[in-house]
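Quick note: the coordinates plus some simple rules give every number you see, no bench work behind them. Source: prediction; values computed, not measured.
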Amino acid sequence: MRAEGMHHAWLSLFATTLLAWLPWALATAPVLNLGHQFPLLTLKRPTRWLTSWLVHFTACLAIGLIYAFWTAWLDALFNPFANPSPMPFHLLWLDKFYNGMLSSVLLYATILIVSYGLDSRARLAEQQTEAARLNEQLSKA
């Protein structure tokens, strides 16, 4: 990399990469709450799906903008790539946002999928416990 003229401040690069995940870590709980309040696929209220998708799209977009702002600010502050002529902040922010849109959508979807999977597993365990309890009551009767 040095032969190509790329000089990185490795400690700053590691710190900014580690701190870059902070917005997503803080956003996980609200995403989980939105996932419970606005389920994406529901059989009980099929007319509510558009509202749910819009809420999740807006939340993903907002988190993506915050994440891009945060990472752009960290890059501007610490300059981990040791770039002698950094770009203006607003351009860096937009660049981070556009380049991170796909990963933001995938991360948001992964949080929801894991949440729905864990909730489904918990409901299945409750149903099995209830069935065993009812079976025990039936055998006693």
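Report the extension gain between SER139 and LEU102 in nm, rounded to one decimal, defined as 0.36 nm multiplied by the number of residues separating them, less their alpha carbon distance.
Length gained between SER139 and LEU102: 7.8 nm.
Any idea what angle helix 49-78 forms with the longest principal axis of the chain, computed on alpha-carbon atoms, 0 to 90 degrees, nearest 10?
Helix 49-78 and the main axis of the chain meet at about 30 degrees.
If I fit a long axis through the Cα atoms of helix 89-140 and take the longest principal axis of the Cα atoms of the chain, what angle between them do I get, 0 to 90°, rounded to 10?
The two axes meet at around 20 degrees.
Taking 0.36 nm per residue of separation and subtracting the Cα-Cα distance, what length does fully extending GLU130 through PHE57 add?
So the chain would gain 22.6 nm between GLU130 and PHE57.
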